[in-house]
1. Restrict the check to region 388-402 and report whether at least one residue is in contact with a helix residue (DSSP H, G or I) (Cβ under 7 Å, 6 or more places away or on another chain), over 23 Å from Gly249 (Cβ atoms), at pLDDT 95 or above and open to solvent by 10 Å² or more (accessible area, probe 1.4 Å).
2. Can you tell me which residue in region 336-350 is nearest to the chain's Cα centre (by Cα), limited to those that are surrounded by fewer than 18 Cβ atoms within 10 Å (Cβ to Cβ) and either within 21 Å of Ser280 (Cα to Cα) or of a type in the set (D, E, K, R) (or both)?
3. Taking region 310-335 only, how many residues are more than 18 Å from Val284 (Cβ to Cβ) and either among the hydroxyl-bearing types (Ser, Thr, Tyr) or touching a helix residue (DSSP H, G or I) at 6+ places or on another chain (Cβ under 8 Å) (or both)?
4. Name the single residue, out of those in region 257-276 being assigned to a strand (DSSP E or B) and among the aliphatic types (A, V, I, L, M), that is surrounded by the most Cβ atoms within 10 Å (Cβ to Cβ).
5. Check Pro6, Pro50 and return the single one that is loosely packed, with under 14 Cβ neighbours inside 10 Å, touching a Phe, Trp or Tyr at 6+ places or on another chain (Cβ under 8 Å) and modelled with pLDDT under 95.
6. Residues being within 21 Å of Arg136 (Cα to Cα) and without any contact (Cβ under 8 Å) to a residue 24 or more places away in the chain: count how many of those fall in region 76-112.
7. Test of understanding: among Gly10, Gly33, which residue is under 30 Å from Leu154 (Cα atoms) and in a loop (DSSP other than H, G, I, E, B)?
8. Contact list please: Cβ distance under 7 Å, first residue in region 13-40 and among the polar types (S, T, N, Q), second residue buried (at least 18 other Cβ atoms within 10 Å of the Cβ) and outside any strand (DSSP E or B), pairs at least six apart or on different chains.
Amino acid sequence: MAEPLPYPVGLRLAGRRVVVLGGGQVAQRRLPGLVAAGADVLLVSPSVTPSVEAMVTAGEVRWERRRYRDGDLDGAWYALISTDDADANAAASAEAEARRVWAVRSDDAEAATAWTPATGRAAGVTVAVLTGQDPRRCAAVRDAVVEGLRDGTLAAPHHRARAKGVALVGGGPGDPDLITVRGRRLLAEADVVIADRLGPRDLLDELPPHVQVIDAAKIPYGRFMAQEAINDALIEHAKAGKAVVRLKGGDPFVFGRGMEEVQALAEHGIPCTVVPGISSSISVPAAAGISVTHRGLAQEFTVVSGHVAPDDPRSRVNWAALARLTGTLVLLMSVENIPTIADTLIGHGRPAGTPVAVVQEGTTTAQRRVDATLATVGERVRTEGIRPPAVIVIGEVTAVGPAGPNS
């Protein structure tokens, strides 16, 4: 006769008493989930790990610093038995049976009345996997399902009405693997995608055929500014009831004009979800082996847009103040104006010999790095044929490698 299968169920523990016996690694792993479920958790243990103690200090868990004693499970809805005392575990398990409290035992699954599934969450779905006595397989199946839901490779269409509107998604610096999990999921659920050329273009090829992909650079804008035309397109498709993703490079709010789009949508009562992205200001230098801060060299880094030259009346950058800083200066959108920027920094006192690194198309297969100094960077950019997108890093950190300075 086949062994009976466990009956899966989701426990709603909000405000209900849960008793955890033992404060070791098992409790450390399980407590966050119980807290997230809103359970009223009592922890009974003579000692706890530092992570568990931090939860106690934060008021997430009540802790009685002692060993288990009969009666601890009175009024409990659920118990986790995980002490290092086999006799105490057996006694607690017997009490749970007598009081009809579902109990998990970390030391003896067969003696337990409940098992903890391998659990993960993605896209508003809780995935719980049980495979009997094979916890590694449980975890592997859980991970495969969760990853598929997160990146959209596991087809799970919504059968109830989805919230319409716009998701403003930061796509990261270019490598499609560097978009956030949430951003990739929203992209997979989109009806319309309005994309910048600096976004992770490879992801667009993965979209289903019914998804309308619009190149923001090619939106006809006639008498309007390009940004106004993009805003109009977002509004038009959102009002048509479509799930719209505005896919931008880097982070939407770091020189991405994302707030202008949020404001335009708000004026028309259109909900907008902002999904932060990895900014190229830190990720591109990292991909090229540059840490924008480094102990003993740089205690701060400053990110500046160089799309307006220092001598342009529209410039709002205090270049004189930047020249006096000793930390790292990261320039975005500065390839065209780097000769003037370098001269301005030198003129305000930044040493001409300050190391500079220029990273073109960072994080992509076309990435390349050119090193120079503040005095030579303008000429190096010209002779090397550097073209946007490129991130320019100014400071001593550019000369630091795995083996130390000047390696």
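1. Going residue by residue through region 388-402, those that are in contact with a helix residue (DSSP H, G or I) (Cβ under 7 Å, 6 or more places away or on another chain) are 391-393.
From the residues that got through so far, the ones that are over 23 Å from Gly249 (Cβ atoms) too are none.
No, because not a single residue in region 388-402 is in contact with a helix residue (DSSP H, G or I) (Cβ under 7 Å, 6 or more places away or on another chain), over 23 Å from Gly249 (Cβ atoms), at pLDDT 95 or above and open to solvent by 10 Å² or more (accessible area, probe 1.4 Å).
2. The extreme case among them is Glu336.
3. 7
4. Step by step, filter region 257-276, then rank; the result is Val275.
5. Pro6
6. Summing the residues that are within 21 Å of Arg136 (Cα to Cα) and without any contact (Cβ under 8 Å) to a residue 24 or more places away in the chain in region 76-112 gives 3.
7. Details: Gly33 fails: in a loop (DSSP other than H, G, I, E, B).
None of the others qualify; the one that does is Gly10.
8. Going by the 7 Å Cβ cut-off, the qualifying pairs are Gln28/Val52.
The values are calculated or read from the model by the stated rules, or taken from the named source; none is laboratory data. Predicted, not measured: the structure shown is a model, and the values here were computed from it. Glycine also receives a Cβ, built like all others from the backbone with ideal geometry; neighbour counts cover every protein chain displayed. All accessible areas refer to the heavy atoms of the entire protein, side chains included, with ligands and DNA or RNA removed. Shrake-Rupley method; radii C 1.70, N 1.55, O 1.52, S 1.80 Å.
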